[in-house]
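Everything on this sheet refers to the single structure shown next.
Taken together, the values in this text are just the output of simple stated rules run on the coordinates, not laboratory data. These numbers come from a predicted model, not from an experiment. Note: ideal-geometry Cβ built from the backbone for every residue, glycine included; neighbour counts use all protein chains shown.
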Amino acid sequence: MSVVDRQDWDVVVVGAGGAGLRAAIEARERGARTAVICKSLFGKAHTVMAEGGIAAAMGNVNSGDNWEVHFRDTMRGGKFLNQWRMAELHANEAPDRVWELETWGALFDRTKDGRISQRNFGGHEYPRLAHVGDRTGLELIRTLQQKIVSLQQEDFRETGDYESRLKVFQECTVTRVLKDGDKVSGVFGYERESGRFFVLEAPAVVIATGGIGKSFKVTSNSWEYTGDGHALALLAGAPLLNMEFVQFHPTGMVWPPSVKGILVTESVRGDGGVLRNSEGKRFMFDYIPDVFKEKYAQSEEEGDRWYEDPDHNRRPPELLPRDEVARAINSEVKAGRGSPHGGVFLDVSTRMPAEVIRRRLPSMYHQFKELADVDITAEAMEVGPTCHYVMGGIAVESDTAAARGVPGLFAAGEVAGGMHGSNRLGGNSLSDLLVFGRRAGWHAAEYAAGLTDTRPPVDEDQIDTAAAEALRPFSAEGPAPGADDGRPPENPYTLHQELQQAMNDLVGIIRREGEMERALEKLADLRVRARRAGVEGHRQFNPGWHLSLDLRNMLLVSECVARAALERTESRGGHTREDHPAMDRKWRNVNLLCALTDPTGGLLATDPVSGQITLTREITEPIRADLLALFEKEELVKYLAEEELYE
Ligand code: FAD
């Protein structure tokens, strides 16, 4: 076995998006020697793609805003299934995290009087998204990278080595978290370019690997989103929470086919864009659910007045939370009132002067011009739902970001569950990354510091097992389990396409019992075939090999999504059951946990035929009374179960 690089660190952060970088900065600033590992080039993480902005109740544009209002909006958006303590910490700390970014060199757009500008977004009562045009994620990552470089320069001045306390391993993929008993002892991975294996020994590992979108056919997500962190946690023995909640963003491009799914930012609607069907009707007025009736405009005139006078008018229903808008678009298309390519129309051209569109939405202008030959200053865009974000994720302790059940494992960012409940509000991810990235780095550093004399050792057998697992695609015709019958190996790309199609068609935006059962059967078939996923050639930059390894992760998380979706017999947020169309108050306080059972105590292997995901229900902790007091009783009655109200 050829482990070429073996190093010792205090904290290893897997992922260099917003959450990973913020965690790494915090861990290093608290004295931990910290390594950051990322699959792509440093600075290329998914966070770069974030467009609309960071939600933080700074009250710059409307002084009525404060953390309590933000907390309320977040809980409403998540249909009260949010881990409320996370929502509280998030609303409270997000403004500080945005200010901090400015002190590190970020430059946000300004209001006329020089404050950080904030824009409207769906589900947010006030303009709340601090932004840099529609390229906010790029500025966020640029700033965090710059901060890392400045810390490395500090370290160089002290130690003569830039990487003595903070080192980035780019284009490296982690395939296993290693453990000593129940405790984390490090990670195993491979360098994408050379194919060589490495082990980083560390008592604390922060998982910050983002989402799972590449398990679905139509998605706004980049190639990195193969659910690696979710699977790493499962395989290490940590449970995933509420994986049924997958956000389908209402507005992805639908045409041409090569760009289907690419995101059309919500800022388009926040800045005045409207949705129309093929009859020219602003159909969202027909889709305001009861729980939101009092908060949204009932006529186009009122909705339009809101942009100028938000204090005396209600917001237009195009700015309902994403789950509502996505379902409405789906219904219009299904009813035969869609656009020529199976979406609906999103129009800014009749709502703003061309020069304002080009200034406020530069990326959208170029995206449509270059990819679809559509000039959004002169004609409407065609848009439809696209798999965008996963609310489910690693179950964590709210304050510390510690993964449940595995000492030394932490998680932050999109890979962590709980914060957003059943549906995330736009802009709440970037703030989540900073708030909980910082907390994860802080507590990982503290945990590691507390273990200095008794670090869990790395088990050599686990390294051998991880290496053999990683090499299996090269011997798919050989004696690997399930692959010794002389049949030719499976093509990983074919398996991936079949998986994406199944998840899109059978566990997509609208779900039905029979279809989800079919999905589970299909996943079982794919799991067996994936053990035969074979590749030719060698380990130097071999994308087929990388995909073969990613397939394990996508299949695991897809099984979690399908099993949890089948179990939850109601519709809530990013989980819509055609056979159970209403939100059911009895499910309000129920979490679904997915776990792998570990009969051996060593590295977990999954059973390809039956899967090894077990699902358990858990009653959530009651929402603290002072937080409940922020809502009107009439509103709580719509969400909370009888006994919760009584209490
Ligand atoms: P990421 O930024 O995706 O970083 C994940 C990191 O993990 C990467 O470095 C990756 O290389 C690494 N990684 C993954 N697997 C492995 C592995 N096995 N080994 C090693 N490294 C690994 N949210 C908002 O709040 N506001 C917005 O305006 C907004 N706009 C968006 C626009 C688009 C087009 C999209 C797709 C999303 C948008 N979001 C927005 C959502 C938000 O961007 C993401 O939820 C967020 O960036 C996730 O950040 P993260 O740090 O959790 O993960």
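Here the Karplus curve 6.51 cos²θ - 1.76 cosθ + 1.60, taken at θ = phi - 60°, turns the phi angles of the stretch 151-162 into couplings of 5, 5, 5, 4, 5, 4, 4, 8, 10, x, 9, 4 Hz, with x standing for Gly and Pro. Computed from phi, the 3J(HN,Hα) profile of the stretch 319-330 under the Karplus parametrisation 6.51, -1.76, 1.60 (θ = phi - 60°) reads 9, 5, x, 4, 4, 5, 5, 4, 5, 5, 4, 4 Hz, with x in place of Gly and Pro. Of the residues THR377, VAL61, LEU101, the one whose Cα sits farthest towards the positive end of the charge dipole of the chain is THR377 (charges of +1 on Lys and Arg Cβ, -1 on Asp and Glu Cβ, taken about the Cα centre).
By the beta carbon rule, with partners counted only under 4.7 Å, the chain holds these lone Cys residues: CYS38, CYS172, CYS387. Reported to the nearest whole Å, the Cα centre-to-centre distance from the stretch 51-123 to the stretch 395-447 is 17. Amide H contacts of ARG128 (H built 1.01 Å from N, in plane; Pro and chain starts excluded): ARG119, ASN120, PHE121 sit under 5 Å, all sequence-distant by 5 or more or on other chains.
The alpha carbon centroids of the stretch 271-304 and the stretch 359-374 are separated by 25 Å.
A cut-off of 5 Å between modelled amide H atoms, ignoring neighbours fewer than 5 places along the same chain, links ARG511 with THR576, ARG577, GLU578.
Taking amide hydrogens as placed 1.01 Å from N in the peptide plane, the amide H of VAL590 sits under 5 Å from those of THR620, each at least 5 positions away in sequence or on another chain. Put simply, when 233-246, 311-324 are sorted by average Cβ atoms within 10 angstrom per residue, most first, you get 233-246, 311-324. Each residue of the stretch 16-21 is assigned a 3J(HN,Hα), and the resulting list reads 10, x, x, 5, x, 5 Hz, derived from the Karplus form 6.51 cos²θ - 1.76 cosθ + 1.60 (θ = phi - 60°), x at Gly and Pro. For a straight C-alpha distance cut-off of 13 angstrom, the aspartates and glutamates reachable from LYS39 (same-chain residues fewer than eight places away being disregarded) are GLU171, GLU191, GLU193, GLU224, ASP228, ASP550. The residues CYS38, CYS387, when put in order of fewest to most other Cβ atoms within 10 Å, stand as CYS38, CYS387.
Each of LYS293, LYS147 was scored by other Cβ atoms within 10 Å of its Cβ. Arranged with the fewest first, they read LYS293, LYS147. Here the contact order of the chain, divided by its residue count and restricted to Cα pairs under 8 Å and six or more residues apart, works out to 20 percent.
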